[in-house]
Amino acid sequence: MTQQVPDEGVLNAKLESFFRTSDSRWVNLFRNSMGSVDTIRKQHARKLHARFPLISHIEQCTPSGGSILETGAGTGAISLYLSQQGYQSSTLEKDPDMIKLSELLQEVIGGQSSRYQGCMTQLPFAEKSFDTVFNHGVLEYFNEEAVINVIREQLRVASYFVFAVPTNLNHALYIEDCENLWSYAKWKKLIRESGATLVESFSFFSYRRFREALNRLLGMKMQHISPGAGFVLK
């Protein structure tokens, strides 16, 4: 069944009303990039391209038509894209306004996600409910002990956990001031302490074409000098 395309004027009015009335700190971060249908469509393609390393690793871990959960999902843009590729997408987000923004984004770009409100430290799902859990730009907000516990909790409900974080080389590129911008080596240490198995690591958040080309040439051997790092755990 073909998904009905909503009227652009109606969607713009919904977006304008939503951003005018929301007082969510997180929603405020998206006012410029999601303020109109035209802006969303332009930004969405660009953001997906920048997150290709993460998306490709999620797809590698997940069987065709498999189940994927995004935790700390925010707008859930990647989950909507993955649903369009045939995966069963679900998102979990704590902020109710961000859940609403995700619903508006779905009206603009399509796709389908099952949405849950909750905290990633205590997931409301049974063991191995999903093939893969992922998030990006989330774990850097937790302290070391919490990161270890979050890793364990994600792997309780899924066979694989894929995540990406900014590293200590990302100070000039990031938008917040309360993240833990740890080194690549420290992230690997926390993964070991969680008891998870590191399947693979990859470069992420790098918009420098030369660095990305070099990483691909060397089989991602230089991800430790990237402003972001991604990890596949099981």
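Cβ-Cβ distances below 7 Å connect no pair with a first residue in segment 31-54 that is over 13 Å from E107 (Cα atoms), a second residue that is in a helix (DSSP H, G or I) and among the acidic types (D, E), and a separation of six or more residues or different chains. V165 meets the conditions (1) surrounded by 23 or more Cβ atoms within 10 Å (Cβ to Cβ); (2) in a strand (DSSP E or B); (3) out of contact with any Gly (no Cβ under 8 Å at 6 or more places or on another chain) in every case but one. The failed one is (3).
Collect the residues in segment 184-230 that are outside any helix (DSSP H, G or I), at pLDDT 90 or above and over 20 Å from L48 (Cβ atoms), keeping them in residue-number order. Of everything in segment 184-230, those that are outside any helix (DSSP H, G or I), at pLDDT 90 or above and over 20 Å from L48 (Cβ atoms) turn out to be G195, A196, T197, L198, V199, E200, S201. Within this structure, Q43 passes the test of being over 15 Å from the mean Cα position of the chain (by Cα), more than 30 Å from A126 (Cβ to Cβ) and in a helix (DSSP H, G or I).
Residues in segment 63-84 that are of a type in the set (S, T, N, Q) and surrounded by 24 or more Cβ atoms within 10 Å (Cβ to Cβ): T71, T75, S79. The set of residues in segment 117-138 that are of a type in the set (A, V, I, L, M, F, W, C), surrounded by 16 or more Cβ atoms within 10 Å (Cβ to Cβ) and in contact with a Leu (Cβ under 9 Å, 6 or more places away or on another chain) comprises M120, L123, F125, F130, V133, F134. Note on segment 1-40: among residues that are hydroxyl-bearing (S, T, Y), in a loop (DSSP other than H, G, I, E, B) and surrounded by 11 or more Cβ atoms within 10 Å (Cβ to Cβ), the one that is modelled with the lowest pLDDT is S33.
The values are calculated or read from the model by the stated rules, or taken from the named source; none is laboratory data. What you are looking at is a predicted structure, and each value in this text was computed from that prediction instead of being measured. Note: ideal-geometry Cβ built from the backbone for every residue, glycine included; neighbour counts use all protein chains shown.
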